[in-house]
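The values are calculated or read from the model by the stated rules, or taken from the named source; none is laboratory data. Worth saying up front: this structure is predicted, and the values here are computed from it rather than measured. Cβ atoms come from the backbone with ideal geometry, glycine included; neighbour counts cover every protein chain shown. The accessibility values were calculated without ligands, DNA or RNA, using every heavy atom of the protein model including side chains. Shrake-Rupley method; radii C 1.70, N 1.55, O 1.52, S 1.80 Å.
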Amino acid sequence: MKNLSLIGIALLLFVACKDKPKDETKEVAEVKTYNIEQFMGNEKASANGFSSDKSKVLITSNRSGVYNMYNVSAEGGEFMPITQSDSASIYGISYFPDDDRILFRIDGNGDEIFKIFVKDSNGIKRLTPEKNVRALFQGWAKDGKSFYYNSNERSPQMMDVYEMDIATFKPKLILKNEDNMDFGGISADKNYLLLSKDINTNDNDMYLLNRKTNVKTKINESVCKNTPQDFSPDGKSFYYTTDDNSEYSYLMKYNIEDGSKEKVMEKDWDINAFYFTHNGKYQVLFSNEDAKTKMYVTEVATGKELNFPEIDGQAIDAASFSKDETMALLTVGSSQLPTNTYSYNIASGKYNKLTDVLNKEINPDDLVEATVVRFKSFDGLEIPAIYYQPKQANLDNKAPALVWVHGGPGGQSRQGFNSLIQYLVNHGYAILAVNNRGSSGYGKSFYKMDDQNHGDKDLKDCIAGKDWLASQDIIDKDKIGILGGSYGGFMTMAALTSAPEEFKVGVNIFGVTNWMRTLKSIPPWWESFKDALYTEMGNPNTADSVRLKQISPLFHTENVTKPLMVLQGAQDPRVLKIESDEIVEGVKKNGVPVEYVVFEDEGHGFVKKENEIVAYGKILHFLDQYLKGEGQTSLDNNKMESTEVK
């Protein structure tokens, strides 16, 4: 789904010289291959902020197999466990602004119904209702004495805004959200709220609510995308991004007193985030430049850009600052290496590595750096993609390949580290992560090109990606499959049902197969987005249902002739398990090899290491058997495989 992070024609193919993959050689590179346990031995760890005295940093990590909280010295060192869950994943939010208490959140094994908790010297206390109530942290008050959060405890469809005092932990309703708007921020004096209301999956209206007068002022004058960013340090204005009369989002300033506006900055890419540090010393801007995040930090008083050191030859793509603005936590990584966190002293320039997430058994030289390529689709439209070429592939050792389709619709494959991609590439598979029409990051015209055209032109873009792969000298053109999760899973099934001879195998990871059911079973807390989603996808309660049924792979399973693997989390609130149950049942009737893997304790995305090891290991085994050619792929019931992991 567009904002959620859900779901035979001769082609003119070209790649600009700057986009060509690395030159092939006949000499096979010496590459050590690693098993799935070693790749899942890579840690996923992220920083949740400094303690009030900046002596330590809160870390959320899956090193134990599930996510737990740890603290580590701001100078680096051993992780000290704060929680030790062996089942439910625990995600840190932050230390309290002026003491060492900690906020964190937990859901029910992937059901996305999050609860907010506090940990202090007396133990752990749940702060939001236990049963069927979703709560999302929305930031600290400027004075550090309270925090804001959304909750649907009053009504399942209404995500109201609450303020919770941290002395008493008593919530106060500050916005009864009868209009189903999205909360975009609150001023330091608490007098103003920023709100937005979706029109479609790209455009929305934005409002400034005066809490004293209850007057709500509409900010945009035309239909466009508007995203609240931050209030100015003096409280007299706020900043937002918009794509009004532009392909890309740019930064605007709105003066509250007189309603005047001024453009602050624009780029040839989307500016997708902007904020001030706590006391307003620095402003931080992020842009999405060709599927890669670029960060720009400026000292407000001087206008000088804050230059960070180059660390391990990798990009710094994010920073979070201490309350006193003297320290920063930097995230550093690449497509070849997973992201690590460093603490950085702004005055001295000294930095310390806090995490070291790459498994010590893996040599980074055996991993692959992604390259950005572009190719022409069936109608001449240029399609961007992220390409991973196995180091051991050459003219004499041609590689099987996969078209990788991101989630969405409206997501984007980006230049970041992905353990599953690196695992498959390490085992000899080339991967082309296609950013088909409808993907974000390439202008709003490109973004809207798949509206009510899903499973058609966007699928043809993926087929064009397959043909681009087939044209590469080091690719075995007869061994190209398709893989995707969520909306990418739908695209996998659309390929196998609508263009059954294009791909040799399909791997569907919790993909939509019945759009009518999926659109009717949207979780209640997405009520504010439902109409916008219907505008893009179609309304299942109207005549749109005819087209939605036509594009739903479930009703065309008789067309599937190629081996299929399906993976599903039983707790998934977005793509219900029955979607995968039924597609597997339908395809099995064809005598096609099918493997079905279900995890009872996962949702829309697998987060437990033991489950990732099973899931990704089975994907490689399936591909080795049915794509690489180590197994029988004929339509023989005796060869059919179907397994379930509970």
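By the rule of a C-alpha distance below 19 Å, with chain neighbours fewer than 8 residues away ignored, the lysines paired with Lys353 are Lys44, Lys54, Lys56. Averaging 1/r over each pair of different alpha-carbon atoms in region 349-408 and inverting the result gives 15.6 Å, the Kirkwood hydrodynamic radius.
If the segment from Lys172 to Asp290 were pulled out straight at 0.36 nm per residue, it would be longer than the present Cα-Cα gap by 38.2 nm. In region 175-317, Cα pairs under 8 Å separated by at least six residues give a relative contact order of 12 percent. Taking a point 7 Å from the Cα of Thr298 along the Cα-to-Cβ direction, the residues of region 260-274 with backbone N closer than 19 Å to it are 261-274.
Taking the Cα atoms of region 61-193, the ratio Rg/Rh between the radius of gyration and the Kirkwood radius comes to 0.98. Across the alpha-carbon atoms of region 199-267, the computed radius of gyration and Dmax are 12.1, 37 angstrom.
With a cut-off of 20 Å on the backbone N, the residues of region 29-61 near the modelled label site 7 Å out from Thr326 along Cα-Cβ are 49-58.
About the centre of its Cα atoms, the chain shows a dipole size close to 880 debye [charges on the beta carbon of Lys, Arg (+1) and Asp, Glu (-1) only; nearest 20 debye]. Within the straight-line cut-off of under 25 Å between alpha carbons, the lysines reachable from Lys216 are Lys142, Lys172, Lys176, Lys190, Lys197, Lys225, Lys236, Lys253, Lys261, Lys263, Lys530, sequence neighbours fewer than 8 places apart in one chain being disregarded. FRET efficiency for the pair Lys218 and Lys190, taken as 1/(1 + (r/R0)^6) with r the Cβ-Cβ distance and R0 = 30 Å, rounds to 0.90.
Sorted largest first, the principal axis extents computed over the alpha-carbon atoms of the chain equal 70, 57, 50 Å. Ranking Ser52, Asn436, Pro309 by how far each Cα lies toward the positive end of the dipole of the chain (charges on Cβ) leaves Ser52 at the top.
Here the sum of -39500 (n - 2.57) over DSSP H runs of 4 or more residues, divided by the residues of the chain, equals -4500 deg cm²/dmol at 222 nm, to the nearest 500. Measuring r between the beta carbons of Ser246 and Asp456 and using R0 = 22 Å, the FRET efficiency lands at 0.20. To put it simply, the accessible area of the chain at a 1.4 Å probe is 45 percent carbon and sulfur. When Val57, Val614 are compared by accessible surface with a 1.4 Å probe, the order from highest to lowest is Val614, Val57. Is the C-alpha gyration tensor of region 256-312 telling us rounded, prolate or oblate? Criteria: a/c under 1.5 is rounded; beyond that, a/b larger than b/c is prolate, otherwise oblate. Because a/c hits 1.5 or more and a/b fails to exceed b/c, region 256-312 counts as oblate.
Normalising by residue count, region 373-446 has a Cα convex hull of 98 Å³ per residue. Solvent-accessible area of Arg211, all protein chains in place: 90 Å² (probe radius 1.4 Å, heavy atoms, ligands and nucleic acids excluded).
Work out, step by step, the length gained on full extension between Glu558 and Asn122: first 0.36 nm times the residue separation, then minus their alpha carbon distance; give nm to one decimal. My answer for the length gained is 151.0 nm. The gain in end-to-end length when the Arg211 to Lys350 segment is fully stretched comes to 45.6 nm, 0.36 nm per residue minus the alpha carbon separation.
Spin-label pair Arg154-Leu381: with each label point 7 Å from Cα along the Cα-Cβ axis, the two points sit 4.2 nm from one another. Ignoring aspartates and glutamates fewer than eight residues from Lys32 along the same chain, the ones with Cα atoms less than 14 angstrom from its Cα are Glu361, Asp365, Asp366. For region 338-420, applying the loop criterion from DSSP together with a ceiling of 13 other beta carbons within 10 Å to the trypsin sites (Lys or Arg not before Pro) yields Lys350, Lys360.
For region 43-137, a/c is not less than 1.5, where a ≥ b ≥ c are the root eigenvalues of the C-alpha gyration tensor, and a/b does not top b/c. That puts it in the oblate class. Reported value for region 123-210: 113 Å³ per residue, from the convex hull of its C-alpha atoms. By the compact-protein rule of thumb, 2.2 N^0.38 Å, the alpha-carbon radius of gyration of region 225-338 corresponds to a ratio of 1.13. Working from label points 7 Å from Cα in the Cα-to-Cβ sense, the Glu305 to Lys32 distance is 3.9 nm. Excluding ligands, DNA and RNA, the accessible surface per residue across the chain is 40 Å² with a 1.4 Å probe.
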